[in-house]
Amino acid sequence: MNLADKIIRPSTRAFVRAARSARGCTTLDWLHGYVYARWPYLYIGIGTGEHRLTRLVRPVADFLTRWVIPQEGDGRQAFADTYHGKVVPLAAARQLVTVEQDIDLLDLEQIIPYALARDIILRDPDHIAVLDCPCRAARPNPCTPLDVCLLVGEPFASFVVEHHPRRARWITQQEAEEILIAEHERGHVSHAFFKDAMLGRFYAICNCCACCCGAMQAWRDGTPMLAPSGYVAAVDVDLCTACGLCADKCPFSALDLNHDHANVNWVACMGCGICVSQCLQEAISLRRDAAKGEPLEIRELVAKAVTAVPD
């Protein structure tokens with residue numbers, strides 16, 4: 001074993017090997033991915049404006065984005081293309097943490113409507129780590145619990161556990177499901193996250209609240225970092241009692257009330273399904289809407305991919 005092998009951690013070497021085999025992944029990309037995964041609390045803290053270094057780093061990042069790194073169109077759109085999430089209702093999120101085989105699904109543009117990072121490539125999908133949420137940890141008074149971010153598959157799960165032993169731990173697929181269910185019951189949204197620097201593919205499920213989540217903050221500020229689930233909420237006016245609970249709980253502020261029933265703001269609704277589970281009258285359901293894109297339902301996608309393979 002040479003000196004480099006003794007110094008560089010096994011998970012780092014595995015990350016670099018995976019980057020070298022990833023489509024279109026440059027040295028700059030994997031270095032960016034290393035920094036992002038190695039120092040997520042610094043990275044996200046600066047991104048949300050909560051870290052003390054924000055004033056120093058942001059002007060440099062803005063300069064690089066505008067003048068050094070090639071961009072197309074609006075800089076905000078370009079940034080969203082490289083780091084973005086797909087809203088996934090609870091049932092779809094549970095599918096993502098119970099995969100039992102390696103998966104290669106490429107260029108899912110109907111589901112992941114971004115120019116970059118839209119592959120689902122799962123290696124050892126039963127290797128799952130939970131990490132203290134960097135978005136929550138960055139806030140002065142964060143929502144709890146902190147340990148709700150799920151890293152799914154390799155090389156990501158091992159990298160996080162090895163580099164953040166005090167903030168990350170291995171969990172089973174059942175434990176991952178339990179975290180998803182508990183967060184959903186708290187009214188928090190699950191997002192499947194993709195990043196070009198993370199080998200251009202799906203790597204994590206964020207379970208966060210509207211007050212702490214950096215991606216939801218960016219979405220509110222006009223950066224299109226989140227894609228809707230492919231569903232939209234629908235209200236049964238005959239069952240609705242206009243209690244207002246759904247409007248209070250909606251993390252995207254997509255529901256309001258008239259005198260008789262709740263109304264859905266179609267543009268704002270991301271199809272997360274929080275309102276469905278919070279409605280005591282069972283007056284709300286999720287309905288497929290082609291204008292909201294295709295849902296990220298891994299079992300259906302795998303079944304379609306298998307069917308499409310010629311004999």
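Observations on the structure shown:
- In the set 37, 61, 19, 4, only one residue is modelled with pLDDT under 55, part of a helix (DSSP H, G or I), small (Gly, Ala, Ser) and assigned by TED's automatic domain parsing to the domain that holds residue 211; that residue is 61.
- Residue check, residue 157 touching a Phe, Trp or Tyr at 6+ places or on another chain (Cβ under 7 Å) and either in a loop (DSSP other than H, G, I, E, B) or of a type in the set (A, V, I, L, M) (or both): no
- In the set (1) within 18 Å of the chain's Cα centre (by Cα); (2) farther than 26 Å from residue 245 by Cα; (3) surrounded by fewer than 23 Cβ atoms within 10 Å (Cβ to Cβ); (4) without any contact (Cβ under 8 Å) to a residue 60 or more places away in the chain, the condition left unmet by residue 170 is number (1).
- Number of residues in the range 79-103 that are under 18 Å from residue 198 (Cβ atoms) and either touching a residue at least 24 places away in the same chain (Cβ under 8 Å) or aromatic (Phe, Trp, Tyr) (or both): the value is 13.
- Residue 125 fulfils the conditions (1) closer than 24 Å to residue 45 by Cβ; (2) over 14 Å from the mean Cα position of the chain (by Cα); (3) in a loop (DSSP other than H, G, I, E, B) except for a single criterion, (1).
- Consider the range 266-287 and keep the residues that are farther than 11 Å from residue 228 by Cα and in contact with a Gly (Cβ under 8 Å, 6 or more places away or on another chain). The one that is surrounded by the fewest Cβ atoms within 10 Å (Cβ to Cβ) is 278.
The values are calculated or read from the model by the stated rules, or taken from the named source; none is laboratory data. Note that the structure is a prediction, hence the values are computed from the model and not measured. For neighbour counting, all protein chains shown are included, and Cβ atoms are generated from backbone atoms with ideal geometry for every residue, glycine included.
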